[in-house]
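One structure is given below, encoded as structure tokens.
The values are calculated or read from the model by the stated rules, or taken from the named source; none is laboratory data. Please read these numbers as outputs of a predicted model, since none were measured by experiment. Using ideal geometry, Cβ is built from the backbone for each residue, glycine included, and neighbour counts are taken over all protein chains shown. Just so you know, the surface numbers come from the protein's heavy atoms only, side chains and all, with ligands and any DNA or RNA stripped out. Shrake-Rupley method; radii C 1.70, N 1.55, O 1.52, S 1.80 Å.
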Amino acid sequence: MINEKRLLDTFLEYVQIDSETKNEKAMGERLVQDLKALGFEVQTDRAGEAFGSNGFNVHAFLEGTIPGDPTIFCAHMDTVAPGNGIRPVIKDGIIGTDGSTILAGDDKSGIAAIMEALTVIKEKDLPHRSADILFTIGEEGGMNGAKNMDYSMLKGKEAMVFDAGGDTGKVLTCGPGQIKINATITGRSSHAGLAPEAGISAIQAAAKGIAKMNLLRIDEETTCNIGTLRSEYATNIVPEKAVLVAEVRSRDLDKLNAQAAHMKQCLEEACQELGASLDIDLSTNYVSFRVDNDDELVKRVFAACGRLGIPASTEKGGGGSDANVMALHGIKPVVLSTGMTKVHTTEETLKVEELNKCAALVLDLLTN
């Protein structure tokens, strides 16, 4: 029932609108225009001002004709870099790029699927459920659009967030929390050739601490990684400062906190051993969420997939999304796949068939 050509054209238009994180204004304005053209009253906010974005979250409410509580249908409009000047290329039913940018299927495939389903409902006057339509900014790098949104404008208490890779039909029922670690190690500078023993190397202290850490895959629920270790001095100067930036993720709150504490302790012991000082900040970026596989929300997705002949499965997520933030606000979320692959890389692709399936799934969820 979806219009496959219109859906593809819409997706191709959306990905060519530059909207890297903090520069989502043009994409937001286009979505406001498209929603108003369908007859929606549209709300925007000033969430972008809180984290230096020129964009805004976009919300509309679809009043239902089928009884039932409203569900939130969500996707994010921002992209990672390099996401400017995207030139999509279609070959053998697969959408990619010329290799100089990402595709922005993450997450404009989700947006296009939702918009197509809404368009079909409006033009065919189909019976449908009530739904909050929510397109967020600043999801990449911390879900800042969702964090700075006024949740009083949402009527739904359940959410389907279309923001996962893999074939349509995959449902993520849980996602990890994340702690960010920012540490500055301060030693003492001295001439490395004349009096190295008078100095305390911040690099050495950092290295000793890192060598003691359990890193990368900790267990099936927990990972951690050091993304930055920076200290730039001439070779004849004992380095006085070193900066370390890391993250810990876990679907278990106790494990999340324990791993972060372990990494902090390793740095503290190394600095104490060498006489360096440590300034460290452990900041919870988002918390985990979890929904049972037999939850009614999951069953709704499985039933829709069954009607469409789409294989359905549940998986555990490894990354954060707007779903994590919604969970903090008393909303029960699941994250659904849109068919995108190799996201956040210039090799990102999306099968046209998967885009069609995703839109059909949204339509079925809204009309059954």
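Data table
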| read-out | value |
| --- | --- |
| In the stretch 1-10, the residues that are more than 15 Å from residue 362 (Cα to Cα) and of a type outside the set (D, E, K, R) | 8, 10 |
| Members of the stretch 164-213 found to be assigned to a helix (DSSP H, G or I) and under 26 Å from residue 259 (Cβ atoms), listed by number | 202, 203, 204, 205, 206, 207, 208, 209, 210, 211 |
| Cβ-Cβ under 8 Å pairs, at least 6 apart or on other chains, the stretch 266-292 side in contact (Cβ under 8 Å) with a residue 60 or more places away in the chain, far side among the hydroxyl-bearing types (Ser, Thr, Tyr) and open to solvent by 50 Å² or more (accessible area, probe 1.4 Å) | 271/277 |
| Residue 278 being out of contact with any Gly (no Cβ under 7 Å at 6 or more places or on another chain) and outside any strand (DSSP E or B) | no |
| Among the residues listed as 200, 185, 179, the single one being open to solvent by less than 30 Å² (accessible area, probe 1.4 Å) and under 30 Å from residue 327 (Cβ atoms) | 179 |
| Verdict on residue 186 being over 30 Å from residue 61 (Cα atoms), among the β-branched types (Val, Ile, Thr) and in contact (Cβ under 8 Å) with a residue 60 or more places away in the chain | yes |
| Count of the stretch 130-154 residues which are open to solvent by 10 Å² or more (accessible area, probe 1.4 Å) and in contact with a Pro (Cβ under 7 Å, 6 or more places away or on another chain) | 1 |
| Residue in the stretch 79-87 that is open to solvent by 10 Å² or more (accessible area, probe 1.4 Å) and of a type in the set (S, T, N, Q) present | yes |
| Close pairs from the stretch 75-96: first closer than 26 Å to residue 334 by Cα and in contact (Cβ under 8 Å) with a residue 40 or more places away in the chain, partner of a type in the set (Ser, Thr, Tyr) and open to solvent by less than 40 Å² (accessible area, probe 1.4 Å), Cβ under 6 Å, at least 6 apart | 76/136; 77/19; 78/19; 79/19 |
| Within the stretch 55-70, considering residues that are in a loop (DSSP other than H, G, I, E, B) and in contact with a strand residue (DSSP E or B) (Cβ under 8 Å, 6 or more places away or on another chain), the one most open to solvent (accessible area, probe 1.4 Å) | 69 |
| Pair list, Cβ under 7 Å, 6 or more apart: the stretch 108-130 residue assigned to a helix (DSSP H, G or I), other residue crowded, with 24+ Cβ neighbours inside 10 Å and charged (D, E, K, R) | 110/163 |
| Filtered residues of the stretch 19-39 (kept if open to solvent by 60 Å² or more (accessible area, probe 1.4 Å) and either over 16 Å from residue 122 (Cα atoms) or of a type in the set (Ser, Thr, Tyr) (or both)) | 22, 23, 25, 29 |
| Any chance residue 236 is under 30 Å from residue 173 (Cβ atoms) and in contact with a His (Cβ under 7 Å, 6 or more places away or on another chain) | no |
| Tally of residues being outside any strand (DSSP E or B), of a type in the set (A, V, I, L, M, F, W, C) and open to solvent by 30 Å² or more (accessible area, probe 1.4 Å) across the stretch 214-265 | 5 |
| Condition met for residue 117 (open to solvent by less than 30 Å² (accessible area, probe 1.4 Å), among the hydrophobic types (A, V, I, L, M, F, W, C) and at pLDDT 95 or above) | yes |
| Per-region count, the stretch 88-97, residues open to solvent by less than 60 Å² (accessible area, probe 1.4 Å) and part of a loop (DSSP other than H, G, I, E, B) | 1 |
